[in-house]
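Single-structure report; data block below.
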2 protein chains.
Amino acid sequence: MPESDYPDIRGLHLFKDMADEHFLSLTRGAYVQNFPPQIELITEGDPSDFLHILLSGSVDLFSTWNGRETSMATVRPISTFILAATIRDAPYLMSARTLEKSRIALIPSQDVRSVFDGDNSFARAIVTELAQCYRSVVKNTKDLKLRTSLERLANYILRQQNRRGGASEFDLDFEKRRLASFLGMTPENLSRAFKGLQPYGVTVNGNRISIDNQKDLERFAKPSPLIDDVST
Amino acid sequence: MPESDYPDIRGLHLFKDMADEHFLSLTRGAYVQNFPPQIELITEGDPSDFLHILLSGSVDLFSTWNGRETSMATVRPISTFILAATIRDAPYLMSARTLEKSRIALIPSQDVRSVFDGDNSFARAIVTELAQCYRSVVKNTKDLKLRTSLERLANYILRQQNRRGGASEFDLDFEKRRLASFLGMTPENLSRAFKGLQPYGVTVNGNRISIDNQKDLERFAKPSPLIDDVST
DNA sequence: TTAGGTGTTTGATAAATATCAAGGGGATGA
DNA sequence: TCATCCCCTTGATATTTATCAAACACCTAA
């Protein structure tokens, strides 16, 4: 693994407080690779040989069953993915594919587990990270079970807006059909859902979303910190 | 906290390997309480003051939004709940209510966090537990997004059957309307879904489920270890 | 510039799911 | 024993969501 990648990884909350020697023993066995778009990095059900760290690009986590497929999450740099499987030495529950050209560090899961046994601040960082991941998935379940697809879309738009500091116009950062899959609907219905938000002041032009009437949209979407806040 | 409760709690994976002195400092501040049925123990959004451990009885974790409510999980003894919120010192994402008369140990979250900082085997046990919880929720999301309600019910029945060692007849262990909510459907539709499984050899009589044609049901349900296995 | 290809949108229709209203059945308590 | 309550079921209907087919828009490469 090239030393130039060290700072990025070291800066992650997960690795920030651990002892230098342990960090080194993680990076010793690690390697970094560049992948083209649309490469399947991980297939669900496979043993979790590596903890993955996305350094640049983006990765889609998805799952399949009985010929159907659904997008579970999008990973953006710089963050790890498939941490829980690594920790439990259990098979991956989700598959992963690159969405664009991506640079990814791979740390042997075995190394992660043994350093985790020997380095307490690393173990603690993992706990915090996992608790965060857990809470994200719980929020997602609430979103799915308590809201209609129109409400999910409305709240998604508000969350995106928040991520961009509240701008009233912004571009969707991925394909609509993947957004549809992530929101648990078909592309056709996403298209209709965008229209269904017009009465609340949402205009769509290609990938560009404008929120013309913030208040109306919020009144409809009823965002809740216990579902929509990213951090807590 | 009465000493008679120590062994049960100490036996949990979470507390098994920790130092005696740390276990004592957890139990010192803890107390045990008996609750009648239908008591709301926790309200989502509240600060996570206590880690809860269910010693006997059963507890429903549920969430609400905009006047709607959905059951997220059922907790059975002996296990903890609301671990992630405790760790992150973040508000509860789910509410909890007793389903029957329940005995619950309450450990101040502050104590959990400080022991967690000082006891490595405790920290590691928490990681393992959290990773497990995370994976459960991911499986649940896959179940929700990839399956129709009929398929979810069919797989639920097979999972229950597994939990009871494969018996071809068993009783549902909770109200159908809560099962419906857990599976993400209305009580009316659950009722119809049970009928919809008759062609696959499922008979329902009150709370009693019989699987008359295991093969047929499995062929329809297509259970997958990556969604339906409890352990991995 | 044009021809394909891919992703999106639209319309028509079908399927799945929810809602509303009424009826049934078992438990509980007077 | 009967009345009451609560839950579950059933039927009719409405809403939501998916599917299928076709048109459209945009991009890329010849």
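The values are calculated or read from the model by the stated rules, or taken from the named source; none is laboratory data. Small disclaimer: the values here were computed from a predicted structure and weren't measured. Cβ placement follows ideal geometry from the backbone for every residue including glycine, while neighbour counts extend to all protein chains displayed. Protein only, heavy atoms only, side chains kept; ligands, DNA and RNA dropped before computing areas. Shrake-Rupley method; radii C 1.70, N 1.55, O 1.52, S 1.80 Å.
Side notes on the structure shown:
- The stretch A:194-217 versus the stretch B:112-142: alpha-carbon centroid distance in Å: 40 Å
- Helix A:149-163 vs. chain A, principal-axis angle (Cα, 0 to 90°, nearest 10): 60 degrees
- Average other protein chain Cβ within 10 Å of Cβ, residues A:80-89: 4
- Exposure of B:Leu55 as accessible area (Å², to 10), given a probe of 1.4 Å and all protein chains: 20 Å²
- Solvent-accessible heavy-atom area per residue, rounded to whole Å², over chain B at 1.4 Å: 43 Å²
- Helix B:187-196 axis, angle to chain B major axis (alpha carbon atoms, nearest 10°): 50 degrees
- Other protein chain Cβ atoms within 10 Å, averaged over every residue that makes up B:141-151: 5
- Chain B contacts chain A over a buried accessible area of about 4900 Å², both sides summed; the probe is 1.4 Å and only protein chains count.
- Fully extending the segment from B:Ser231 to B:Glu69, taken as 0.36 nm per residue of separation minus the present Cα-Cα distance, adds 55.5 nm.
- Label-point distances for B:Arg159 to the equivalent site in the other copies, using a point 7 angstrom along Cα→C-beta, read 2.2 nm when ranked shortest first.
- The stretch A:166-223: C-alpha gyration tensor shape, a/c 1.5 cut-off, then a/b vs b/c: prolate
- The stretch B:146-176-the stretch A:24-71 distance, computed between alpha-carbon centres (Å): 33 Å
- GluC sites (Glu not before Pro), loop per DSSP, at most 16 other Cβ atoms within 10 Å - longest free stretch of chain A: A:1-99
- Taking a ≥ b ≥ c as the square roots of the Cα gyration tensor eigenvalues, the protein assembly as shown comes out rounded, since a/c falls below 1.5.
- Note on B:Glu21 and A:Ala167: their simple-model spin labels are 5.6 nm apart, each label 7 Å out from Cα toward Cβ.
- Taken along the Cα-to-beta-carbon direction at a fixed 7 Å, the label points for B:Thr43 and A:Ser136 span 3.0 nm.
- Length-normalised contact order for chain A - Cα pairs under 8 Å, 6+ apart - percent: 19 percent
- Fraction of accessible area attributable to carbon and sulfur, the stretch B:50-122 (%, probe 1.4 Å): 46 percent
- The protein assembly as shown: calculated mean residue ellipticity at 222 nm from DSSP helix runs of at least 4, using -39500 (n - 2.57): -13000 deg cm²/dmol
- For the stretch B:97-191, trypsin sites (Lys or Arg not before Pro) are listed when DSSP marks them as loop and at most 15 other Cβ atoms sit within 10 Å of their Cβ; the list is B:Lys101, B:Arg164.
- log10 of Debye I(q)/I(0), alpha-carbon scatterers only, for chain A at 0.14, 0.18 Å⁻¹: -0.96, -1.35
- Taking every residue in A:57-68 and counting other chain Cβ atoms within 10 Å of its Cβ, the average works out to 3.
- Helix B:120-146 vs. chain B, principal-axis angle (Cα, 0 to 90°, nearest 10): 20 degrees
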